[in-house]
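Undergrad: Structure in structure tokens, see below.
The values are calculated or read from the model by the stated rules, or taken from the named source; none is laboratory data. Just so you know, these numbers come straight off a predicted model, no measurement behind them. All Cβ positions, glycine included, derive from the backbone under ideal geometry; neighbour counts span all protein chains shown. Areas reflect the complete protein model, heavy atoms only, side chains present, ligands, DNA and RNA absent. Shrake-Rupley method; radii C 1.70, N 1.55, O 1.52, S 1.80 Å.
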Amino acid sequence: MTAELTPPNGVVELDPLQQEGIAAVLDRHLALVEGVSGPGDADIDVLDYRITVHPAGASVVLALDAPSLLAAEDAAASVLDELIGESDVLAGWSVAHSEVRITEDEFNRLAASDEASDVVDELEAAVEEALETSAEPAMDAEQWRARFLGLAPRLRAFGPEAFGGPGEPATLAAGALVHAVRVVTDEVFYDELALAVNNATVADAVGLLVLEELPPCYDHRYDAFFARAFVLASTPVAERLTGTSWTPPRSVAEALALRLFVNEARVALEAAELMSWDDSEAVFEGFAARAFGDLDTGELYEIDLPLAGEVEPETAAQAAKLEAELHSRGLAFDQWFAPRDGNPAQHPYLDSL
């Protein structure tokens with residue numbers, strides 16, 4: 001089954017960064033779908049999917065194991081409608097139309113074959129052809145280079161000297177950092193949904209995308225409410241990166257958000273085969289020295305003892321001592337969203353943390 005998804009009214013064209021964000025959101029939601037219930041409580045399995053995002057919307061191909069064409073159509077509609085309804089990022093999107101890529105007559109003809117092995121081979125080939133013909137070609141290194149170079153001017157708070165420039169490595173790093181802001185923001189939205197639906201924390205959840213990269217000692221404190229607060233805390237960091245002047249992170253949460261942006265930028269550069277992980281470390285070292293100020297969150301990652309949730313009796317005293325030490329330096333969890341510069345201005349939502 002193929003379906004065409006259209007953006008909200010008023011969206012004339014999706015730019016390249018928006019296309020990538022929508023593709024990431026669709027992919028993360030569909031990856032969680034294993035099947036749906038069909039007529040008569042029949043189980044309909046989602047075998048595979050492909051996503052192609054273009055300026056006018058998105059095309060989704062679903063390979064389904066269903067007892068009939070009607071059941072497959074209903075299952076596809078159910079999956080996509082639920083996906084759109086549960087995602088804040090896809091608010092206002094709709095399913096424009098859907099169609100069958102392998103017709104029921106073709107399926108029945110294959111199923112009537114005398115040789116069982118031939119049936120399997122032909123069906124697999126037909127499914128693979130339907131999926132592959134709708135797949136979006138992967139971007140190569142030159143396309144990623146062009147994208148990062150195009151995004152680089154948006155990082156106005158830092159010049160190329162912050163990345164050891166001038167030169168192409170510095171420009172690529174700046175563009176990758178702008179790209180990373182969008183990716184991390186989408187990933188936090190996804191994680192928030194997963195935590196909210198399951199009423200879970202990071203310590204209990206599986207398959208999360210980015211919140212697992214926060215200091216593990218507080219995994220039991222990262223729930224859906226925290227994820228929403230973290231998005232709000234990351235917003236001023238992103239805005240200051242694109243502004244004409246830079247103010248270092250005002251809170252621990254802001255510093256952690258900036259850390260995630262930098263890490264994702266380095267991942268993107270390595271994945272695009274534009275810069276190795278070791279090379280990007282040197283490029284971003286100067287940036288980190290300028291951007292983080294005197295707020296160092298590195299020691300939070302060195303704690304290998306849970307400081308939240310049910311603490312084992314034999315480690316309770318050690319955990320309490322560590323928590324007290326962190327609190328004395330303003331790094332304890334209950335201090336993460338409090339401004340460290342004495343300026344009380346912040347989003348009211350953060351006051352309840």
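Undergrad: Do you know which residues across region 1-51 are of a type in the set (S, T, N, Q) and either in contact with a Pro (Cβ under 9 Å, 6 or more places away or on another chain) or outside any strand (DSSP E or B) (or both)?
TA: Result: Asn9, Gln18, Gln19.
Undergrad: Do you know which of the residues in region 48-69 that are farther than 14 Å from Thr2 by Cα and among the hydrophobic types (A, V, I, L, M, F, W, C) is modelled with the lowest pLDDT?
TA: Ala66
Undergrad: If you take the residues of region 247-265 that are open to solvent by 30 Å² or more (accessible area, probe 1.4 Å) and more than 15 Å from the chain's Cα centre (by Cα), which of them is nearest to Leu172 (Cα to Cα)?
TA: Residue satisfying both the conditions and the ranking: Arg259.
Undergrad: Take region 218-232 and flag every residue that is within 13 Å of Leu193 (Cα to Cα), of a type outside the set (D, E, K, R) and in a helix (DSSP H, G or I).
TA: Passing the criteria: Ala224, Phe225, Phe226, Ala227, Val231.
Undergrad: Pick out the one residue from Leu326, Leu331 that is more than 24 Å from Ser245 (Cα to Cα), in contact (Cβ under 8 Å) with a residue 60 or more places away in the chain and surrounded by 12 or more Cβ atoms within 10 Å (Cβ to Cβ).
TA: Exactly one residue qualifies, and that residue is Leu331.
Undergrad: Being surrounded by 17 or more Cβ atoms within 10 Å (Cβ to Cβ) and either more than 30 Å from Arg266 (Cβ to Cβ) or modelled with pLDDT of 70 or more (or both): is that true of Arg147 here?
TA: For Arg147, the condition - surrounded by 17 or more Cβ atoms within 10 Å (Cβ to Cβ) and either more than 30 Å from Arg266 (Cβ to Cβ) or modelled with pLDDT of 70 or more (or both) - is met.
Undergrad: OK, next. Going by the conditions given, is Ala317 part of a helix (DSSP H, G or I), modelled with pLDDT under 90 and of a type in the set (Gly, Ala, Ser)?
TA: The answer is yes for Ala317.
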